[in-house]
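Asks: What follows is a single structure, and I will ask about it in a moment.
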Amino acid sequence: MSKPLLEIKNLHAGVEGRKILNGLSLEMNAGEVHAIMGPNGSGKSTLASILAGREDYEITDGQVIYQGEDLLEMAPEERAHKGVFLAFQYPIEIPGVNSTYFLKAALNEKRKANGQPELDAMEFLTLVKEKMKVVELPEDFLKRPVNAGFSGGEKKRNEIFQMAVLEPTLAILDETDSGLDIDALRIVAEGVNRLKTANNAQLVITHYQRLLNYIVPDQVHVLSNGRIIKTGGKELALELEEKGYDWITKGDAVAA
Amino acid sequence: MTTTMPEVISDTDPRLTSFDRFERDAAQPKWLLNIRKSGLARFSENGFPTLLDEDWRFTNVKPIVELPFKPVTSLPVQLPAAADLVKFHFLKTSETLLVFVDGHFAPGLSRLPAAQKGVLITNLKDAITKVPELIEEKLSKLSTVDANGFTGLNTAYFEDGVFVHVAAGQSVDQPVHALFISTGRETGATSHPRNLIIVDASAQLTYLENFVSLGNAATFSNAVSEFFLGDNASVEHLKFQEQDENAFHIAGLYSDIGRDARFWSHSLALGSALSRNNIRARLNGPGLQAVLNGLYLTHHKQVADHHMFVEHAAPHCESHEYFNGILDDESRGVFHGRIFVHRVAQKTDAKQTNKNLLLSDDAKANTKPQLEIYADDVKCTHGATVGQMDEKAIFYLRARGLPLEIARRMLMHAFAGEIIDRVQHNVIREELDQIVWDRLEEKLATT
């Protein structure tokens, strides 16, 4: 058995003196899809942010090993170059930065870091046109500034589009399903499914079981008070949908 | 310590006593002398603004007041050579170029266009002999809307400037490029460029004002431009100011816009110790669109001030003001935008935004958007921001693989690009984009 793609060991972290993660541990292998579910405030988005490298959090204990390396030591861009991708819960609007320009620069930075030749404008455009089909984006998207004036659904689709172009090894989807109507959800989920290969992994963070009707996880983890309190197969998600979180989180309330 | 008492202009002030020579000048038409006199009276009444004046509370003009007043009374004998000019921007933008040296027209350095029916492009002095009635009718008719001593001073002392008249239905293909050079040889050397732009119904013009310096003396440019836009006229104006950092620059831009007309006026403030643009637009007919768009890039101890007054005097008009500033070191940006909507101006759509990006802890921005609305069916919005670079946006870019330096650079260019993208004329926009790009790269290289 090869080494896991991602190992989170006993991770403790917080912000401004407030502890959010309390000994979170998780292992993922290439080719797997894991879902993390949990009530509001359980630490889902904190985990996503820490994995992507946001600097606002203080890590007090634990380790994150990605492809055998200490992920927490890496700058956000270095993580991206090594295949980590966060689909943001709230994608940032960047008026004035053209989407094509931005994405081409991002892809070429990654290629450069991995010793691959940079794509020229024509090659990039060919690639992008093909990838746009993954999330059914209109082409004029590329001419617009990054996320500026996009609807909530467009922003989420744009995240998955970027994911399609950057081809991450580890994709973290932070509540990508939140705020989407059923059609948008289907497009996004199908996009994610099409990007799945034997060599990459997807960590799907969600508040709603609904997403898991479209994206089928190998494992479902329940996060509560900053640690995983239950892990199961996809049927666990259904059980959560039916019974709510209370039946498993009840005994855990003292942990905070 | 700043002055808090209104400045009183004494009778022996050279700004009043230097006026003699116009009265003695026999070639001066009577009507023009009267206009000059009214300007002098206005200056004498209003004097220089102080920080007590609400419209000037963020900008202290004391350094200008204390400067010796040395109006340049004739074209300098020692003119810059054509080779001295090559360092200036936009020189290849247009075949039409009017060069003014210390406020005086320099025909040898200029390229006037071939005659075109219905179009007159020349220097104001020449136009006064060619079309005196038109000038008498228009000159200083807009610039009296505000009690501005600087504009009064210009009206009294101007020597020359640009004159453009585009008759109804005519279109000027090439942009009119006016290059105003301060030779910068002597402290207090003062020029008063005076421009009169008349674009009649359904006519079209692109006009570029370019203010530069050769030397680095503390000179003073006090410019006034008046724009008359007829019904359905289309005018794009770009004012580019990169004078020496010891120079002082005040400009008044007065416009009167007819129905269904389109007016873009862009202001790029890069140079000068202190620059102030007084922009006054009167929206006089329904259905017109006015875009006032500006970018100021300052460093060291520069101050760049834009002061706007947009008057909606007719219904169904759109006015948009967009001003972005990138401020470094101990520099300061000032934005004061006042939108006044008359009772008749129903269905007004007025938007005003001012965004400031501070690159240093000591840089400052003063911003004051202001709406005064007397109509009840209007859409008016305003907003202002002052801040450092958006950390969330930087993180977003880094999380996609862009290194920190590139992320910062991208955001800074984007911030400037928002403004530059509104320039309609392709060649001017591209050149401007390059100028600003270079300037920001220089900035990034030193921080």
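Asks: Rounded to the nearest 0.05, what FRET efficiency is calculated for residue B:445 and residue B:421 with R0 set to 35 Å and r the Cβ-Cβ distance? Walk me through the numbers before you get to the answer.
Replies: Details: r = 24 Å, r/R0 = 0.69.
The computed FRET efficiency comes out at 0.90.
Asks: Using alpha carbon centroids, what distance separates the stretch B:215-281 and the stretch B:352-381, in Å?
Replies: 19
Asks: Among B:307, B:416, B:289, which residue has its Cα furthest toward the positive end of the charge dipole of the protein assembly as shown, with +1 on Lys/Arg Cβ and -1 on Asp/Glu Cβ?
Replies: Towards the positive end, the residue furthest out is B:289.
Asks: Then there's this: Between the stretch B:402-425 and the stretch A:183-209, how far is it from one alpha carbon centroid to the other, in angstrom?
Replies: What the calculation gives is 33 Å, centre to centre.
Asks: Students sometimes get this wrong: rank A:208, A:90, B:207 by accessible area, probe 1.4 Å, all chains present, largest first. Display every interim value, and only then the final one.
Replies: Working: A:208 110, A:90 160, B:207 0 Å².
These residues rank, largest area first, as A:90, A:208, B:207.
Asks: Given the convex hull of the Cα atoms of the stretch A:68-139, what is a quarter of its surface area in nm²? Before the final figure, lay out the partial values.
Replies: Numbers: hull surface 25.8 nm².
Computing the convex hull of the Cα atoms and averaging its projections yields 6.5 nm².
Asks: Counting only residues 5 or more places away or on other chains, whose amide H sits under 5 Å from the amide H of residue B:253 once H atoms are built in the peptide plane?
Replies: Long-range HN contacts for residue B:253: B:225, B:278, B:279, B:280.
Asks: Still on this structure: Return an integer: the convex hull volume of the alpha-carbon atoms of the protein assembly as shown, in Å³ per residue.
Replies: Numbers: hull volume 134.3 nm³, N = 703.
So the per-residue Cα hull volume is 191 Å³.
Asks: Sort B:264, B:437 by heavy-atom solvent-accessible area, probe 1.4 angstrom, most to least.
Replies: Working: B:264 40, B:437 90 Å².
Descending order: B:437, B:264.
Asks: What percentage of the solvent-accessible surface of the protein assembly as shown, computed with a 1.4 Å probe over protein heavy atoms, is contributed by carbon and sulfur atoms? Write down the numbers at each step before the final one.
Replies: Details: 13800 of 28270 Å².
Whole-percent figure for carbon plus sulfur exposure: 49.
Asks: Explain nothing, just the number: dipole magnitude of the protein assembly as shown about its Cα centre with +1 on each Lys and Arg Cβ and -1 on each Asp and Glu Cβ, in debye rounded to the nearest 20. Mind showing how you got there, number by number?
Replies: Working: 74 positive and 95 negative charges, 95 e Å.
In debye, rounded to 20, the protein assembly as shown gives about 460.
Asks: While we're looking at this one, here's another question. What do the square roots of 5 times the Cα gyration tensor eigenvalues come to for the stretch B:246-293, in whole Å, largest first, as semi-axes of the equivalent ellipsoid? Kindly include the intermediate steps, with their values, before the conclusion.
Replies: Details: eigenvalues 151, 20, 5 Å².
In descending order, the three semi-axes are 28, 10, 5 Å.
Asks: Moving to a separate point now. Between B and A, buried accessible area summed over both sides at probe 1.4 Å, in Å² to the nearest 100? All intermediate terms of the calculation are to be shown ahead of the outcome.
Replies: Numbers: alone 18020 and 12230 Å², together 28270 Å².
Chains B and A together bury approximately 2000 Å².
Asks: Provide the convex hull volume over Cα atoms per residue for chain B, in Å³. Intermediate values should be presented prior to the final figure.
Replies: Numbers: hull volume 65.0 nm³, N = 447.
Taking only Cα atoms, chain B has a hull volume of 145 Å³ per residue.
Asks: In Å², and per residue, what accessible area does the protein assembly as shown have when probed at 1.4 Å with the other protein chains present?
Replies: Details: 28270 Å² over 703 residues.
With the other protein chains kept in place, the protein assembly as shown gives 40 Å² per residue.
Asks: Can you pull the one-decimal nm distance between simple spin-label points at residue A:111 and residue B:141, each 7 Å off the Cα toward Cβ?
Replies: Going by the 7 Å Cα→Cβ label model, 6.1 nm.
Asks: Is there a quick way to get the dipole size of the stretch B:390-447? I mean about its Cα centre, with the Cβ of Lys and Arg at +1 and of Asp and Glu at -1; what is the value in debye to the nearest 20? Could you put the intermediate results ahead of the total?
Replies: Numbers: 9 positive and 11 negative charges, 55 e Å.
Here the size comes out at about 260 debye.
Asks: Give me the compactness ratio for the stretch A:121-167, meaning the Cα radius of gyration over 2.2 N^0.38 Å. Write out the running numbers ahead of the final one.
Replies: Details: Rg = 10.2 Å, N = 47, 2.2 N^0.38 = 9.5 Å.
Cα-based Rg divided by the globular estimate yields 1.07.
Asks: Which of B:12, B:75, A:5 sits closest to the plus end of the dipole of the protein assembly as shown, meaning its Cα is farthest towards the positive end, when Lys and Arg get +1 and Asp and Glu get -1 on the C-beta?
Replies: Of the options given, the answer is B:75.
Asks: Sticking with this structure for a sec: What are the extents of the Cα atoms of the stretch B:8-116 along their three principal axes, in Å, largest first?
Replies: That gives 46, 40, 31 Å along the principal axes, largest extent first.
Asks: Mind pulling the angle between the C-alpha long axis of helix A:121-132 and the longest principal axis of chain A? Nearest 10 degrees, somewhere in 0 to 90.
Replies: Result, in degrees: 50.
Asks: Tell me, Kirkwood radius of chain A from alpha-carbon pair distances, in Å? Can you show the working numbers first?
Replies: On the way: mean 1/r = 0.0532 Å⁻¹.
Roughly 18.8 Å, rounded to one decimal.
Asks: Using the alpha-carbon atoms, what tilt in degrees (0 to 90, nearest 10) does helix A:152-166 show relative to the longest principal axis of chain A?
Replies: 70
Asks: Another question, then. Rank these by accessible area, largest first, 1.4 Å probe: B:157, A:214.
Replies: Solvent-accessible surface, decreasing: A:214, B:157.
Asks: Here is a further query. In the Gaussian network model of chain B, springs joining C-alpha atoms below 10 Å, which of B:104, B:342, B:177 carries the largest mean-square fluctuation?
Replies: B:342
Asks: Report which residues of the stretch B:393-407 become buried by 10 Å² or more of accessible surface when going from the isolated chain to the complete set of protein chains (1.4 Å probe; DNA, RNA and ligands ignored).
Replies: B:393, B:395, B:396, B:397, B:398, B:399, B:400, B:401, B:402, B:403, B:406
Asks: Looking only at other chains, what is the average number of their beta-carbon atoms within 10 angstrom of each beta-carbon in A:95-102? List each step's numbers first, then the result.
Replies: On the way: counts 7, 13, 11, 4, 0, 0, 3, 7.
Mean inter-chain Cβ contacts per residue within 10 Å come to 6.
Asks: For the stretch B:107-165 and the stretch A:26-79, what is the separation of their Cα centres, given in Å?
Replies: 67
Asks: Hey, what angle do you get for helix A:182-195 against the long axis of chain A, alpha-carbon based, 0 to 90 degrees rounded to 10?
Replies: Around 80 degrees separate the two axes.
Asks: Just grab the label-to-label distance for residue A:246 and residue B:434, each label 7 Å out from Cα along the Cβ direction, in nm (one decimal).
Replies: Here the modelled spin labels are 7.0 nm apart.
Asks: Give the Rg/Rh ratio for the stretch B:390-447, taking Rg as the radius of gyration of the Cα atoms and Rh as the Kirkwood radius, to two decimals.
Replies: 1.04
Asks: If you don't mind, there's one more thing I want to ask. Mean Kyte-Doolittle of at least -0.5 and a Cα length of 20 Å or more along the axis: which whole DSSP H helices of chain B meet both?
Replies: Working: long enough: B:30-46 (24 Å, -0.57); B:404-420 (24 Å, 0.79); B:426-446 (30 Å, -0.57).
Length and hydropathy pass: B:404-420.
Asks: Please compute the length gained on full extension between residue B:375 and residue B:405, using 0.36 nm multiplied by the number of residues separating them and subtracting their Cα-Cα distance.
Replies: Numbers: separation 30, 0.36 × 30 = 10.80 nm, distance 4.82 nm.
Between residue B:375 and residue B:405, full extension yields an extra 6.0 nm.
Asks: With charges only on Cβ, +1 for K and R and -1 for D and E, what is the dipole size of the stretch B:10-138 about its Cα centre, in debye, rounded to 20?
Replies: On the way: 17 positive and 17 negative charges, 89 e Å.
In total the dipole reaches around 420 debye.
The values are calculated or read from the model by the stated rules, or taken from the named source; none is laboratory data. The structure presented is a predicted model; accordingly, all values stated were derived computationally and were not measured. Virtual Cβ from ideal backbone geometry, glycine too; neighbours counted across all protein chains shown. Accessible surface is based on the protein model in full, side chains and every heavy atom, while ligands, DNA and RNA are left aside. Shrake-Rupley method; radii C 1.70, N 1.55, O 1.52, S 1.80 Å.
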